[in-house]
Amino acid sequence: MAITRLNNNSITSITALPSAVAVENQPFFCVSLSSNQSVSDATDTKIQFTNVIADTASAYDNSTNYRWTCPSGGAGTYILYGQCVLNGDGAATFVEGRFEFRINGSNYQRNAWNDYNSYGRNRTMVTSIIADISVGDYIEGYTNFNYGGSSGELASGSKHTLMQGFKLI
């Protein structure tokens, strides 16, 4: 569609695309934590995203597997974004942490954050990737952090710990 004028968030004129042009960047999903999740120190932990913000294909399992599975007709190239906020007690030394995408159970991409000898409560890990996804492939989010032997938790809420993806056009 061609937008001819946008004024104060309202569109005054739209021209439709020719019928031969198909624009479709679905499916997409966005999930977050409904409540804080406990995380053991230096242990790979699957993030239990239970709050479904958007899921156009109803393909996210938020009750047992905590994963998004590519539906029929959804194969393609996706951009995936994941973020987690690790909360510690503030007294322990934060060493490192990460958010990790796993596709079909295997590590695909991780982003580590190192801050040796740093004391503090919150650390945010962010990872984004572009991946080719086939029908039946599943995507999960994992974290691992070293907080000087102390356990911690992932902060809940859509602004803290979340995972999202959408098919590129």
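Readers should treat all values here as calculations from the given coordinates under stated rules, not as data from a laboratory. Because the structure is predicted, anything quoted here is derived from the model rather than measured. Every residue, glycine among them, receives a Cβ derived from its backbone with ideal geometry; neighbour counts consider all protein chains shown.
Values for this structure:
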{"read-out": "P(r), alpha carbons of the stretch 128-169 - 5 Å bins starting at zero, rounded %", "value": "5, 13, 22, 20, 15, 14, 7, 4, 1"}
{"read-out": "Proportion of all alpha-carbon pairs of the stretch 25-167 beyond 18 Å (%)", "value": "52"}
{"read-out": "Under-5 Å amide H pairs with A57, H placed in peptide plane, nonlocal only", "value": "F28"}
{"read-out": "Relative packing of peptides 144-150, 98-104, 62-68 - highest average C-beta neighbours within 10 Å first", "value": "98-104, 144-150, 62-68"}
